[in-house]
Amino acid sequence: MGKAEILKEIIESRRSIFPKDYTGEEIELEILDEILRSATFAPNHKRTKPWRFKIFKGEEKTRLGEKLAEIYKNTVAPQHFLEKKYLSISEKAAKANVIVTISVNFSGLLPEWEEIAATAMAVQNMYLTCTAHGIGSYWSSPGMIKHLDEFLNLEENQKCYGLFYIGKI
């Protein structure tokens, strides 16, 4: 099979695979490094490399899950609060082997949409690399992310656009 056919197969088989379907097995460090490194090959105008990823594993991942659950509890109207959803937030984090926060660093050199687009292409590279390795991944963009700035130590010119869950399937 030639490179074009392999690429076509990977692109066509890419799917969002949710944490509930992850096995909980550890992803080999070399594969995780390859997934993250693939993001750096995304096209980006003026080479601003606007993506900012923070990797959460182990205890840090648990704290992120707890923080997301806390944000949900503190921001949802009491009459709309669902205990099941509250508990599922931490469970989703626990099922993933790794959670990568996806943020954009706005350089001021380009229109914001270009830096958002470059970041999305970087995430697509990670999606495709996960697919090539038979690893599940999912880009989630819950409303809670707009309350993560302080937790993530984001700068004034940065904004979180999602969470990228990764796990063996």
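Nearest 0.05, what FRET efficiency do I55 and Q79 give at R0 = 35 Å with Cβ-Cβ as r?
0.45
Using Cα positions and a limit of under 27 Å, work out the lysines in reach of K61, with same-chain residues fewer than 8 apart set aside.
K20, K49, K73, K84, K85, K92, K95, K146, K159, K168
What translational diffusion coefficient, in µm²/s and rounded to a whole number, does the Stokes-Einstein relation yield for region 1-141 at 4 °C and a viscosity of 1.567 mPa s, taking the hydrodynamic radius as the Kirkwood radius over Cα pairs?
My calculation gives 77 µm²/s for D.
Work the Kirkwood hydrodynamic radius out for region 1-59: mean of 1/r over every pair of different alpha-carbon atoms, inverted, in Å.
Every distinct Cα pair counted, the radius reaches 14.7 Å.
What is the percent carbon and sulfur in the accessible area of the chain, measuring with a 1.4 Å probe over the protein chains and ignoring ligands? Please list the in-between numbers first.
Details: 5270 of 9780 Å².
Answer for the chain is 54 percent, counting heavy atoms of protein chains only.
Tell me whether region 53-120 comes out rounded, prolate or oblate; compute the Cα gyration tensor, take square roots of the eigenvalues as a ≥ b ≥ c, and use a/c under 1.5 as the rounded threshold. Walk me through the numbers on the way to the answer.
Numbers: a/c = 3.19, a/b = 1.63, b/c = 1.95.
Here region 53-120 falls in the oblate category.
So what is Rg over Rh here for region 85-169, counting just Cα atoms and using Kirkwood for Rh?
Here the Rg-to-Rh quotient is 1.00.
Accessible area per residue, 1.4 Å probe, Å², for the chain: what's the number?
Accessible area per residue: 58 Å².
To the nearest Å, what is the center-to-center distance of region 98-162 and region 34-89, using C-alpha atoms only?
If you average the Cα positions of each part, the centres end up 9 Å apart.
Which whole-number percent gives the relative contact order of region 1-148, counting Cα pairs below 8 Å spaced six or more residues apart?
Working: 164 pairs, mean separation 63.1, N = 148.
The normalised contact order for region 1-148 reaches 43 percent.
For E25 and I6, calculate 0.36 nm times their separation in residues minus their Cα-Cα distance, and state this gained length in nm to one decimal. Before the final figure, lay out the partial values.
Values: separation 19, 0.36 × 19 = 6.84 nm, distance 2.63 nm.
Gain in length upon complete extension: 4.2 nm.
The values are calculated or read from the model by the stated rules, or taken from the named source; none is laboratory data. Being a predicted model, the structure only gives us computed values, none of them experimental. Counting neighbours? That spans all protein chains shown, and the Cβs are built from the backbone with ideal geometry, glycine included. The accessibility values were calculated without ligands, DNA or RNA, using every heavy atom of the protein model including side chains. Shrake-Rupley method; radii C 1.70, N 1.55, O 1.52, S 1.80 Å.
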